[in-house]
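Visitor: What follows is a single structure, and I will ask about it in a moment.
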Amino acid sequence: LNPTKRRGAGDAHSKMINWDTDKLIFIPIFWGAASAGHWGLLVVDRLMVPGGVVTCFDSLPNYKPEACETLKQLMAGSPLATGAGADWRLGSTPRQSRAGNDCGIWMLMIATAYSAAVFTRRNNAVA
């Protein structure tokens, strides 16, 4: 991430996101070589968490133990991290099989579960 990058710069997908103000942002993270790496997930939640929070989800935390801390340091000056109050957490998730190749599906399912939980909490709060 380049903290000096302004809105509207970058690829088409980044133009769809307002990094400063969007309330819920899911960021797939890939570690390792293209042929054999691992997927994780960052969730920026400014909707359900007062002040905002960035949560790092990883089904194989031993694959790259320093990954979430490295991401936190790289993003320290970005609007994404400061806009979320710079409160970082490690997400509690089930672990995948070390010999499995399901980390991409796992990452998508965590994003789906998080979205469903936010939707449910919002609907319950309105009712």
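Results for (1) modelled with pLDDT under 85; (2) open to solvent by less than 80 Å² (accessible area, probe 1.4 Å); (3) closer than 24 Å to Lys23 by Cα, shown as yes or no for each residue.
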| residue | (1), (2), (3) |
| --- | --- |
| Gly77 | yes, yes, yes |
| Leu80 | yes, yes, yes |
| Ala86 | yes, yes, yes |
| Asn101 | yes, no, no |
| Ile110 | no, yes, yes |
| Ala116 | no, yes, yes |
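Visitor: Please enumerate the residues belonging to segment 38-63 that are open to solvent by 30 Å² or more (accessible area, probe 1.4 Å) and either free of Cβ contacts under 8 Å to residues at least 40 places away in the same chain or of a type in the set (A, V, I, L, M) (or both). Walk me through how you get there before you give the answer.
Guide: Step one: of segment 38-63, the residues open to solvent by 30 Å² or more (accessible area, probe 1.4 Å) are 39, 46-48, 50-51, 61-63.
Across segment 38-63, the qualifying residues are Arg46, Leu47, Met48, Pro50, Gly51, Pro61, Asn62, Tyr63.
Visitor: Kindly provide the set of residues from segment 25-49 that are closer than 17 Å to Leu90 by Cα and in a loop (DSSP other than H, G, I, E, B), ordered by number.
Guide: Our first condition is that a residue be closer than 17 Å to Leu90 by Cα; within segment 25-49, this holds for 25-31, 38-46, 48-49.
Within segment 25-49, Arg46, Met48, Val49 meet the criteria.
Visitor: For a quick check of your reading of the model, give me the residue pairs whose first member lies in segment 106-117 and is closer than 17 Å to Arg95 by Cβ, whose second is of a type in the set (Gly, Ala, Ser) and surrounded by 14 or more Cβ atoms within 10 Å (Cβ to Cβ), with beta-carbon atoms closer than 6 Å and at least 6 apart or on different chains.
Guide: Correct list of pairs: Trp106/Ser59.
The values are calculated or read from the model by the stated rules, or taken from the named source; none is laboratory data. All values derive from a computational prediction rather than experimental measurement. Here the Cβ is made from the backbone with ideal geometry for all residues, glycine too, and neighbour counts use every protein chain on show. Note: areas computed on protein heavy atoms with side chains; ligands, DNA, RNA excluded. Shrake-Rupley method; radii C 1.70, N 1.55, O 1.52, S 1.80 Å.
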